[in-house]
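Asks: Mind looking over this structure? Questions follow.
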Amino acid sequence: MKFCSEGTIAYLQGNLTHSGVTRNIIDSLALFLQQISTDGGKNIRIDCGKILAFDISGMQLLYVWMECARFRGMEPELVNLSESLQLAMQLNSGVL
């Protein structure tokens, strides 16, 4: 998985899977939250339009990252979700 950001938008690209998420990505996500909260940002958008594959581990990471944003006083919003990712999130809402 790759991660990049522009302002208050985070772009996720690639495989949001157990094997696709690296420590470097996790560190980048944490740094993004730190920068946004330091800048006083309250709303962030997470663009999932280029996620190619996902699994429960990747979805749990995304959930935890969004919760971390909320703990910092931000409101994360997922945008450009594929139908399959939307459905998976609905089906696993009790797990996440």
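Read-outs: derived from the displayed coordinates by stated rules, not from any lab. All figures in this text were calculated on a predicted structure; none of them were measured in a lab. For neighbour counting, all protein chains shown are included, and Cβ atoms are generated from backbone atoms with ideal geometry for every residue, glycine included.
Asks: All other residues with a Cβ under 13 Å from the Cβ of G73 taken together, and with Lys, Arg as +1 and Asp, Glu as -1, what is their net charge?
Replies: Values: positive: K42, R70, R72; negative: D39, E67, E75.
Charge balance in the 13 Å sphere: 0.
Asks: A further question follows. Quick one: which residues, 5 or more positions from I46 or on another chain, have an amide H under 5 Å from its amide H? H modelled 1.01 Å from N in the peptide plane, none for Pro or chain starts.
Replies: A10, E77, L78, V79
Asks: Let me ask something else about it. How big is the dipole moment of region 2-91 about its Cα centre under a simple scheme where the beta carbon of each Lys and Arg is +1, that of each Asp and Glu is -1, and everything else is neutral? Debye, nearest 20, please. Don't jump to the answer; show the numbers that get you there.
Replies: Numbers: 7 positive and 9 negative charges, 26 e Å.
Computed charge dipole of region 2-91: roughly 120 debye.
Asks: What order do you get for D55, D47, D39 when you list them from fewest to most C-beta neighbours inside 10 Å?
Replies: Fewest-to-most ranking of D55, D47, D39: D39, D55, D47.
Asks: Let me ask something additional. Could you tell me which of rounded, prolate or oblate describes the chain, using a ≥ b ≥ c as the square roots of the eigenvalues of the alpha-carbon gyration tensor, with rounded for a/c under 1.5 and, failing that, prolate when a/b is larger than b/c and oblate otherwise?
Replies: Numbers: a/c = 1.66, a/b = 1.43, b/c = 1.17.
Judged from the Cα gyration tensor, the chain comes out prolate (a/c at least 1.5, a/b above b/c).
Asks: Right, here's the next one. Please identify the helices of the chain, taking whole runs of DSSP H, that span at least 15 Å along their own axis as judged from the Cα atoms and have a mean Kyte-Doolittle score of 0.0 or higher.
Replies: 23-38, 56-71
Asks: Next question, about the same structure. So which trypsin sites (Lys or Arg not before Pro) in region 1-51 end up in coil per DSSP with only 16 or fewer other C-beta atoms within 10 Å?
Replies: Here the trypsin sites (Lys or Arg not before Pro) that fit, given the DSSP loop and packing criteria, are K42.
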